[in-house]
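The values are calculated or read from the model by the stated rules, or taken from the named source; none is laboratory data. Bear in mind that the values here come from a model prediction, so they are computed numbers and not experimental data. Glycine also receives a Cβ, built like all others from the backbone with ideal geometry; neighbour counts cover every protein chain displayed.
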Amino acid sequence: MQSYLVDTAEIDWEEGNPVSRKYGDIYWHRGAPLEEKTRVFVEPLLSLAGKPRAQSQVTVCELGFGFGLNCLLTAKTWQDAPDSCQLNIVSIEKHPVGRQELARFLDTLDFPHSAPLLQAYPPPYRGQHVIWLAPNIRLLLIFEDVERALGNLDAEVDCWYLDGFAPARNEAMWEPALYRKMYARSRPGAHIATYSAAGAVRRGLERAGFETGKRHGFGHKKEMLFAAKPGAWKPSTHGRESISIIGAGLAGMFCFEALKKRQITCDLYDSGQAGPSAIPQLTVLPQLARAAETRYRFSLVASQFMQDAPGFHPSGLHWIGRTEEETLRLREIATDFPNQLIEARDDGAYYHQAGWLSFQELTDHLQPGIIQTHIDDVDKVDTDHVILATGFNRSLLPEQLQVRAIRGQAIEVGTRNINHVINSLATIFPTVNGRSVISGTYENIDSDIVRDEETQSLLATARQYADIDETEVTPWAGVRAVSRDRLPVVGQAPDWQAAALVNRVSALDGFQPGLHYCTAFASRGATHARLCAEHIVSRILREPAALGLDEQQLLSPARFVVRDRK
């Protein structure tokens, strides 16, 4: 059974060179790491795509991130590329180096992208992590077993770096099955660079369909392999499509952010109806369970992606169990994590990386130009792509999505010295300017009417956990969209007739061109919407997808049609 975390690397240092304790092999050539990495890996990339054209993109995938040298050297070569040229780096690592050890080593070097890498370097959470090294350099860092990671990867690769430990010491990194997966994810003419000259590696690449040759080796090695997929290589385009977003709540705003990060303009439409995003404080907290199933690993990675979001406040969250059973469950979940991430408490657990989001700070940072109008038909929007990021305007969402309304109410009251989120019978947020939000009540109806009895209920609950000032109470009520399984609906709109004929979501190959859904986040929009928005935009622009294939199937708009047919 999978866990939430991968095992970190155990390293011994020998005369300034790191050696893997598990594999008994060194991470690079002794005394010349930068020269080796440049010669073996970066030079083949430059020979392929050294002068990128405007509005093009190149994707590199390396097997073995290590200390990030290949990644940072590759990023450095992109500094002089036009701003419209996108470099996508995918890196797979089963045993990531600890952040402190990585920082100590990178501090000895002068890489222009070390700071953004270290700032966003994640805990060893199993899954795909998006890190922006520069406005046109995007790293998809995957902590996972290499075979599982490649099987779950949704990307078209131009250049591969095979930089695992030697085949004799780490056989899993050089299995023939990996080469077949690489071939399936390679664009015509894609290159493969490796220090290895092993005959078994050459034969495995050739059987997978690659054409192989040899190059002069580095250091004491006389030669090393080179391989390419048959065909003439040319870069793919990037960012030429026109895009419109319908809905300016959390999902729409994060879609806008994902496009703005890529320096791509879009039209953002909103009906002007205030939804739950208008509440001043929103919880950022992963949904976890004892078993680390795909849906919970997705939630954990999504919460990690929120750590550098505009408007996010990492206050920590104390989850107090409402029953003995819930308290026990929280404590058991905490045992799967180090205390600095999730800490078991007598009454529940403390989530150190949780916190809250200010939607107002997010919008102030992005400064979107919102077009205030009601859209009643997406066909009337003249654009290449439409992202439906609305939960309020559900008339635009087809019945096959099985999205329904859920009403919620929250209040704001006076508080003092609350410095972390308290989550139990109600959620009490930290004090900001003498006030805190108390959330929330939920009901399966389509109504945004404030009810005094719910206000009184929230006040009574809040009194159990904090001293509150009730002289001025501000209530909110809004309608959220929720799906049947309470997971978001994220992905390209299916051809519904085609969806009704398949037995599994992965078999679906018919879609409505240019229409995408990013909706139904229920009460977890502040946790999940940013990563889902990043994924939608990455798919539209044909970048390596932010979500793996398993996560895409989990959130697929076609999932209920397929399940109901089965």
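Checking 308, 364, 336, 376 one by one, the residue that is assigned to a loop (DSSP other than H, G, I, E, B), more than 27 Å from residue 3 (Cβ to Cβ) and not assigned by TED's automatic domain parsing to the domain that holds residue 128 is 376 and no other.
Taken together, 210, 226, 254 contain a single residue that is farther than 23 Å from residue 68 by Cβ and not assigned by TED's automatic domain parsing to the domain that holds residue 92, which is 254.
Selection of the range 1-23 for residues being within 11 Å of residue 94 (Cβ to Cβ) and at pLDDT 85 or above yields 6, 7, 8, 9. Residue count for the range 476-504, restricted to those that are in a strand (DSSP E or B) and either modelled with pLDDT of 95 or more or within 19 Å of residue 520 (Cα to Cα) (or both): 12. Does residue 248 satisfy being of a type in the set (Gly, Ala, Ser), touching a residue at least 60 places away in the same chain (Cβ under 8 Å) and not in a strand (DSSP E or B)? Criteria met by residue 248. Can you pull out every residue in the range 506-515 that is free of Cβ contacts under 8 Å to residues at least 24 places away in the same chain and either assigned to a helix (DSSP H, G or I) or under 21 Å from residue 90 (Cβ atoms) (or both)? 507 - this is the single residue of the range 506-515 that is free of Cβ contacts under 8 Å to residues at least 24 places away in the same chain and either assigned to a helix (DSSP H, G or I) or under 21 Å from residue 90 (Cβ atoms) (or both). Residues that are under 35 Å from the mean Cα position of the chain (by Cα), assigned to a loop (DSSP other than H, G, I, E, B) and crowded, with 16+ Cβ neighbours inside 10 Å within the range 189-232 comprise 195, 196, 210, 229, listed in sequence order.
When restricted to residues that are surrounded by fewer than 24 Cβ atoms within 10 Å (Cβ to Cβ) and either within 15 Å of the chain's Cα centre (by Cα) or of a type in the set (A, V, I, L, M) (or both), the range 525-543 contains 4.
Evaluated against (1) farther than 24 Å from residue 528 by Cβ; (2) free of Cβ contacts under 8 Å to residues at least 60 places away in the same chain, residue 131 falls short on exactly one condition, (1). Looking at the range 458-466, is at least one residue touching a Gly at 6+ places or on another chain (Cβ under 7 Å), at pLDDT below 95 and not assigned by TED's automatic domain parsing to the domain that holds residue 532? No, the range 458-466 has no match at all.
Scanning the range 474-495 for residues that are surrounded by fewer than 18 Cβ atoms within 10 Å (Cβ to Cβ) and in contact with a strand residue (DSSP E or B) (Cβ under 9 Å, 6 or more places away or on another chain) yields 474, 475, 484, 495. Scanning the range 329-382 for residues that are loosely packed, with under 15 Cβ neighbours inside 10 Å and among the hydroxyl-bearing types (Ser, Thr, Tyr) returns 335, 373. On inspection, residue 257 passes the criterion of being closer than 28 Å to residue 556 by Cβ and either in contact (Cβ under 8 Å) with a residue 60 or more places away in the chain or among the basic types (Lys, Arg) (or both).
Hey, can you tell me all the residues within the range 516-566 that are in a loop (DSSP other than H, G, I, E, B) and of a type in the set (Gly, Ala, Ser)? Correct list: 520, 545, 546, 548, 556, 558. Residue count for the range 100-136, restricted to those that are surrounded by fewer than 21 Cβ atoms within 10 Å (Cβ to Cβ), touching a helix residue (DSSP H, G or I) at 6+ places or on another chain (Cβ under 8 Å), in a helix (DSSP H, G or I) and at pLDDT 95 or above: 2.
When the residues of the range 161-181 are filtered to those that are at pLDDT 85 or above and not aromatic (Phe, Trp, Tyr), the one that is nearest to residue 91 (Cα to Cα) is 162. Based on this model, can you work out whether residue 421 counts as touching a residue at least 60 places away in the same chain (Cβ under 8 Å) and in contact with a helix residue (DSSP H, G or I) (Cβ under 7 Å, 6 or more places away or on another chain)? Against the criterion (touching a residue at least 60 places away in the same chain (Cβ under 8 Å) and in contact with a helix residue (DSSP H, G or I) (Cβ under 7 Å, 6 or more places away or on another chain)), residue 421 does not qualify.
Got at least one residue in the range 274-283 being within 22 Å of the chain's Cα centre (by Cα), surrounded by 17 or more Cβ atoms within 10 Å (Cβ to Cβ), among the small types (Gly, Ala, Ser) and within 18 Å of residue 340 (Cα to Cα)? Scanning the range 274-283 turns up no residue that is within 22 Å of the chain's Cα centre (by Cα), surrounded by 17 or more Cβ atoms within 10 Å (Cβ to Cβ), among the small types (Gly, Ala, Ser) and within 18 Å of residue 340 (Cα to Cα).
Counting only strands (runs of 3 or more DSSP E) wholly contained in the range 1-99, the ones carrying 2 or more residues that are in contact with a strand residue (DSSP E or B) (Cβ under 9 Å, 6 or more places away or on another chain), in contact (Cβ under 8 Å) with a residue 24 or more places away in the chain and surrounded by 15 or more Cβ atoms within 10 Å (Cβ to Cβ) occupy 17-20, 56-63, 86-93.
Can you find a residue in the range 182-192 that is in contact with an Asp or Glu (Cβ under 9 Å, 6 or more places away or on another chain), polar (S, T, N, Q) and modelled with pLDDT under 95? Scanning the range 182-192, I find no residue that is in contact with an Asp or Glu (Cβ under 9 Å, 6 or more places away or on another chain), polar (S, T, N, Q) and modelled with pLDDT under 95, so the answer is no. Of the residues in the range 196-209, none is touching a residue at least 40 places away in the same chain (Cβ under 8 Å), under 30 Å from residue 539 (Cα atoms) and among the aliphatic types (A, V, I, L, M). The numbered conditions (1) within 30 Å of residue 47 (Cβ to Cβ); (2) touching an Asp or Glu at 6+ places or on another chain (Cβ under 8 Å); (3) in the same structural domain as residue 383 (by TED's automatic domain parsing) are all true for residue 261 except (2).
Please indicate, with yes or no, whether at least one residue in the range 212-230 is touching a residue at least 12 places away in the same chain (Cβ under 8 Å) and under 30 Å from residue 487 (Cβ atoms). No: the range 212-230 contains no residue that is touching a residue at least 12 places away in the same chain (Cβ under 8 Å) and under 30 Å from residue 487 (Cβ atoms).
Looking only at residues of the range 416-466 that are touching a Lys or Arg at 6+ places or on another chain (Cβ under 8 Å) and farther than 24 Å from residue 351 by Cβ, we find that the one that is surrounded by the most Cβ atoms within 10 Å (Cβ to Cβ) is 448.
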